1. Yes or no: the range A:99-111 includes at least one residue that is touching a strand residue (DSSP E or B) at 6+ places or on another chain (Cβ under 7 Å), surrounded by 14 or more Cβ atoms within 10 Å (Cβ to Cβ), farther than 15 Å from residue A:21 by Cβ and away from chain B (no Cβ under 13 Å).
2. Return yes when residue A:38 is polar (S, T, N, Q), surrounded by 14 or more Cβ atoms within 10 Å (Cβ to Cβ), within 14 Å of another protein chain (Cβ to nearest Cβ) and without any contact (Cβ under 8 Å) to a residue 24 or more places away in the chain and no when it is not.
3. Out of (1) buried (at least 17 other Cβ atoms within 10 Å of the Cβ); (2) at the interface with another protein chain (Cβ under 9 Å from one of its Cβ atoms), what's the single condition that is false for residue A:65?
4. Name the residues in the range B:90-115 that are of a type in the set (S, T, N, Q) and more than 14 Å from every other protein chain (Cβ to nearest Cβ), would you?
5. Using the structure shown, decide if residue A:50 is more than 9 Å from chain B (Cβ to nearest Cβ), modelled with pLDDT under 95 and under 14 Å from the mean Cα position of the chain (by Cα).
6. Within the range A:1-27, how many residues turn out to be exposed (fewer than 13 other Cβ atoms within 10 Å of the Cβ) and polar (S, T, N, Q)?
7. Got a sec? Which strands (runs of 3 or more DSSP E) wholly within the range A:1-94 have at least 3 residues that are over 30 Å from residue B:60 (Cβ atoms)?
8. Return yes when residue B:115 is touching a helix residue (DSSP H, G or I) at 6+ places or on another chain (Cβ under 9 Å) and exposed (fewer than 15 other Cβ atoms within 10 Å of the Cβ) and no when it is not.
Amino acid sequence: AQSVTQLDSQVPVFEEAPVELRCNYSSSVSVYLFWYVQYPNQGLQLLLKYLSGSTLVKGINGFEAEFNKSQTSFHLRKPSVHISDTAEYFCAVSVEGSNYKLTFGKGTLLTVNP
Amino acid sequence: GAVVSQHPSWVICKSGTSVKIECRSLDFQATTMFWYRQFPKQSLMLMATSNEGSKATYEQGVEKDKFLINHASLTLSTLTVTSAHPEDSSFYICSASSGVNNEQFFGPGTRLTVL
């Protein structure tokens with residue numbers, strides 16, 4: 001079975017600073033990787049996804065992530081954050097033949113301070 | 001983009017009553033729908049997977065007689081919490097997949113409070 005580890009439960013940063021949210025996964029088969037953002041009392045919004053091809057994936061709101069197979073990682077980055085980026089971020093993995101079932105990490109709360 | 005709606009967005013009910021939550025895919029046909037439960041400050045826990053026209057597949061530890069799931073059409077799935085109790089209070093989120101690109105689209109969630 002697959003699993004996802006988000007190493008940081010909380011990440012506080014100052015506005016306009018760069019940020020990296022870490023995500024590692026475990027799976028014995030090929031994976032598809034996703035990052036979602038959740039604002040308070042809302043559902044999940046897809047930031048970006050890796051299905052195949054280029055390992056550097058660009059998403060919405062200036063976020064990007066790099067798939068590193070050897071390190072089984074899919075870290076999320078943004079070069080300059082805004083107050084509005086304050087939210088919970090979830091990394092998720094899906095594997096072939098799983099009927100598209102997602103396994104989520106525990107989430108990282110990104111807090112951007114002025 | 002693909003849009004998924006949920007109704008109601010929040011509901012308060014008395015202990016012992018049943019509550020139905022609807023999940024609709026508004027602009028695509030959802031061959032598979034998923035129901036998640038999220039406790040405060042925690043991650044999403046998959047409750048069940050439903051394919052249109054067939055019985056839902058429940059995750060281990062989820063009571064199928066308590067959480068009734070129906071996926072009667074390609075655009076609608078319902079979750080009924082039967083004989084709700086305060087411990088069922090939670091944020092319930094559905095998602096839908098058209099089977100393309102292995103992607104799920106999430107609804108906005110339903111906040112259930114059982115008194």
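1. Looking for residues that are touching a strand residue (DSSP E or B) at 6+ places or on another chain (Cβ under 7 Å), surrounded by 14 or more Cβ atoms within 10 Å (Cβ to Cβ), farther than 15 Å from residue A:21 by Cβ and away from chain B (no Cβ under 13 Å), one finds none in the range A:99-111, hence no.
2. Details: polar (S, T, N, Q): yes; surrounded by 14 or more Cβ atoms within 10 Å (Cβ to Cβ): yes; within 14 Å of another protein chain (Cβ to nearest Cβ): yes; without any contact (Cβ under 8 Å) to a residue 24 or more places away in the chain: no.
No; evaluated as a whole, the condition is false for this residue.
3. Looking at each condition in turn, residue A:65 falls short on (2).
4. First, the residues of the range B:90-115 that are of a type in the set (S, T, N, Q): B:90, B:95, B:97-98, B:101-102, B:104, B:110, B:113.
Passing the criteria: none in range.
5. Values: more than 9 Å from chain B (Cβ to nearest Cβ): yes; modelled with pLDDT under 95: yes; under 14 Å from the mean Cα position of the chain (by Cα): yes.
Criteria met by residue A:50.
6. 3
7. Values: elements: A:3-5, A:10-14, A:19-21, A:24-26, A:31-38, A:44-50, A:56-58, A:64-68, A:73-78.
The qualifying strands (runs of 3 or more DSSP E) are A:10-14, A:56-58, A:64-68, A:73-78.
8. Taking the combined requirement at face value, the residue satisfies it.
The values are calculated or read from the model by the stated rules, or taken from the named source; none is laboratory data. A quick note: this is a predicted structure, and the numbers were derived from the prediction, not measured. Here Cβ is always computed from backbone atoms with ideal geometry, including for glycine, and neighbour counts include all displayed protein chains.
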